[in-house]
Each structure stands twice: as C-alpha cells, then as structure tokens.
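Let me give you the structure first, and then I'll get to my questions.
The values are calculated or read from the model by the stated rules, or taken from the named source; none is laboratory data. These numbers come from a predicted model, not from an experiment. Note that each Cβ is placed from the backbone with ideal geometry, even for glycine, and that neighbours are counted across all protein chains shown. All accessible areas refer to the heavy atoms of the entire protein, side chains included, with ligands and DNA or RNA removed. Shrake-Rupley method; radii C 1.70, N 1.55, O 1.52, S 1.80 Å.
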Amino acid sequence: MAAELSTSINIKEPRWDQSTFVGRAKHFFTVTDPRNILLTNEQLAHAHKIITDYRQGIVSPGLTEDELWRAKYVFDSAFHPDTGEKMILIGRMSAQVPMNMTITGCMMTFYKTTPAVLFWQWINQSFNAIVNYTNRSGDAPITVGQLGTAYVSATTGAVATALGLNALTKHVSPLIGRFVPFAAVAAANCINIPLMRQRELQHGIPITDENDNRLGESTKAAQQAISQVVVSRILMASPGMAIPPFLMNHLEKKAFLRKFPWMSAPIQVSLVGFCLVFATPLCCALFPQKSSMSVSRLEPELQEKIRANHPGVERVYFNKGL
C-alpha cells in the first residue's frame with residue numbers, strides 16, 4: 001500500500017524556484033496554458049476541494065504529489081490569489097493567448113479605416129479592462145461606479161491614442177502604418193492598467209512579511225506592482241505586433257494573397273498566436289509574482305508602524321497582479 005502524501009508540501013508557493021527567470025517561466029507556462037480554459041466547473045470544483053482540504057491538513061486518498069501540483073495549478077488558473085473568488089473566464093491568464101491572438105490579429109488586419117480602428121481598439125480595451133480587473137492585486141472591493149469610471153476613461157484614452165496615431169501615419173509608408181496598432185496598444189496599456197487599478201494607487205495593496213503576516217497596505221508597493229505589469233504587458237505584445245507586420249508586408253506582394261485576400265486575417269491571427277504562446281509566459285516571468293521592496297522605500301508612516309511593531313522586518317512582499 002502506497003504511503004500517504006506528506007502534508008508538508010508548500011503549495012502556497014509555485015512548484016519551481018521563483019528567484020530565477022527559468023523557474024518563473026516554467027510556472028507561467030503552466031498558468032497561461034490555454035487548455036485550462038476548457039476545464040469544466042466540476043474539474044475546477046474538484047481541484048478547489050483538493051487544495052482547500054490539503055491546506056487544512058486533509059489529504060485525499062491516493063493523492064500523489066504530481067496530482068497535488070496539477071490541482072494547485074488548475075486552482076490558481078481559475079481562482080484569485082487574494083480574494084479566492086472564481087475569476088471571469090476571459091479574464092484568466094489562460095485565456096490570454098486565444099483572446100489576444102484573435103483581437104490583435106484583427107487589429108493588425110483592419111487598421112486602415114477609422115471605423116475599423118475604433119471598433120477593434122474598443123474591443124481590445126474592453127478585453128484589457130476585464131483582464132486588469134480580474135488580475136488586480138489585493139482583496140479590497142471596487143464599486144460599480146469606480147469600475148465604470150475607470151473603464152470609460154481607459155477605453156476613451158486608448159481609442160483616442162489609436163486614432164491620433166493613425167492620422168499621423170497616413171502619409172508614411174504602408175509598413176510603418178502597420179505598426180500603429182502596436183504603438184496604440186503600448187500607449188493604451190500605460191493608460192488602461194493604472195486606471196483599472198486606480199483603487200490600489202489610492203488606498204494601497206496588502207503587504208506582508210516573508211511568513212505571509214499582513215503588515216498593512218502600501219501605495220508605494222502598488223506603484224511598483226503596476227509599473228512592472230505595464231512593462232510586462234507592453235513586452236508581451238511586442239513580438240506578436242512587431243514580427244507579423246514584416247511578414248505580412250512581404251506576403252501581400254505575393255500572388256497567393258492577391259488571389260485569396262480573405263486569407264490575410266487568418267494568417268495574421270495565426271502568426272500572432274504563435275508569438276503569444278511564448279511571449280505571454282516569458283513576459284509574465286520577467287518579475288516575480290510575489291514582488292518585494294525594502295521597508296525604507298515605503299511611506300514614512302508605514303515604515304514607522306512596521307519598525308515599531310515588527311522590528312526585524314527589512315523587506316515586505318506583495319502580489320503584483322498580472
């Protein structure tokens with residue numbers, strides 16, 4: 001009879017060493033696996049039960065270590081790390097590749113007319129707003145009013161940026177025009193992410209010591225977390241929006257696409273998808289998910305509180321969001 005699985009495995013942390021880029025990359029290749037969006041509610045509930053039981057010291061009969069880690073990654077793919085709530089399906093990181101390849105491919109195919117730019121930038125920013133809200137840091141609730149204001153501000157800013165850039169590039173080469181969607185997406189990420197997570201910038205995000213003891217909320221930590229996410233998202237979009245324009249510019253001069261112009265969108269979507277399969281996990285892995293900063297970089301009043309109540313703490317930790 002096989003020995004029962006130990007209850008000492010630390011499933012609060014990822015399976016691989018998060019202090020190295022390779023360890024983080026392995027973690028995010030698992031988290032962003034598009035197959036996770038095909039999991040049924042029953043499979044998610046089963047993984048949820050395995051993980052919640054294990055955290056309470058209850059081991060499911062016959063459970064192996066590999067099955068435990070698989071359940072953890074299924075659990076992490078669908079449930080928010082701070083609130084524990086089930087995340088919106090298209091907002092999960094496992095939906096990033098299929099959703100982004102479709103939206104980005106269409107943005108880069110239909111970029112020549114104002115209505116097309118308006119429509120696809122609106123679709124893209126609406127999707128980004130859902131992702132940014134779903135993957136926010138912290139457990140404080142956000143009101144419908146705050147959410148609505150952030151969404152309208154972010155989407156308006158992003159669409160205006162795209163239209164402005166489109167107008168500026170009307171008299172340049174077609175190849176440069178193809179990069180307008182990327183420039184718009186990069187600029188929009190700088191607008192959308194801080195706006196959708198503005199509550200964190202105003203009120204702070206939870207910070208803990210290395211043993212997960214909560215020490216308070218910090219706006220400085222929120223600024224670092226959101227900055228890292230903005231950089232990751234822009235770099236995540238770069239390969240899929242920078243490489244296909246060169247290839248499509250070349251392919252559209254060939255007889256095949258002149259004969260079958262309707263194939264342009266499927267080819268572009270496929271190229272973007274191929275880039276995103278690798279870019280999404282690798283760019284998520286640029287910064288540790290459990291980010292940290294020195295106590296000396298926190299707000300002065302928070303520094304005083306921590307030094308008074310927890311004199312040995314030199315670094316604080318927080319979930320940066322995605």
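Taking the Cα atoms of the range 22-149 alone, what are Rg (to one decimal) and Dmax (as a whole number) in Å?
17.8, 60
Which one of 308, 229, 116 has its Cα pushed farthest toward the positive end of the charge dipole of the chain, where Lys and Arg give +1 and Asp and Glu give -1 at the Cβ?
The one lying farthest along the dipole's positive direction is 116.
I've got another one for you. Among 143-156, 56-69, how do they line up from the highest to the lowest mean number of other beta-carbon atoms within 10 Å?
Per-residue Cβ counts within 10 Å, averaged per peptide and sorted highest first, yield 143-156, 56-69.
How big is the shadow of the Cα convex hull of the chain, averaged over all directions, in nm²?
Seen from a random direction, the Cα hull of the chain projects 19.9 nm² on average.
How large is the accessible surface per residue of the chain, computed with a 1.4 Å probe and reported in Å² as a whole number?
49 Å²
Round to the nearest 0.05 the FRET efficiency obtained for residue 18 and residue 119 when R0 = 45 Å and r is the Cβ-Cβ distance.
So, using R0 = 45 Å, E works out to roughly 0.70.
May I ask you to order 74-87, 33-46 by the average number of other C-beta atoms within 10 Å around their residues, highest value first?
74-87, 33-46
Sorted by packing (mean other beta-carbon atoms within 10 Å per residue), highest first, where do 189-195, 289-295, 313-319 land?
189-195, 313-319, 289-295
Using a Cα-Cα cut-off of under 24 Å, which lysines could be cross-linked to residue 26, ignoring same-chain neighbours fewer than 8 residues away?
12, 72, 86, 290, 320
Once amide H atoms are placed 1.01 Å from N in the peptide plane, what residues at a sequence separation of 5 or more from residue 215, or on another chain, have their amide H within under 5 Å of its amide H?
Under 5 Å from the amide H of residue 215: 207, 208, 209.
At what distance in angstrom do the alpha carbon centres of the range 236-261 and the range 203-219 lie from each other?
Result: 47 Å between the Cα centres.
Dividing the Cα radius of gyration by the Kirkwood radius, what Rg/Rh value follows for the range 1-94?
0.96
So if R0 is 35 Å, what FRET efficiency would residue 147 and residue 255 give, r being the distance between their Cβ atoms, rounded to the nearest 0.05?
With a Förster radius of 35 Å, E is 0.10.
To the nearest 10 Å², what's residue 13's accessible area with a 1.4 Å probe?
Taking all protein chains as shown, residue 13 has close to 60 Å².
Counting only protein heavy atoms and using a 1.4 Å probe, what share of the accessible area of the chain belongs to carbon plus sulfur, as a whole percent?
Result for the chain: 63 percent of the exposed heavy-atom area is carbon or sulfur.
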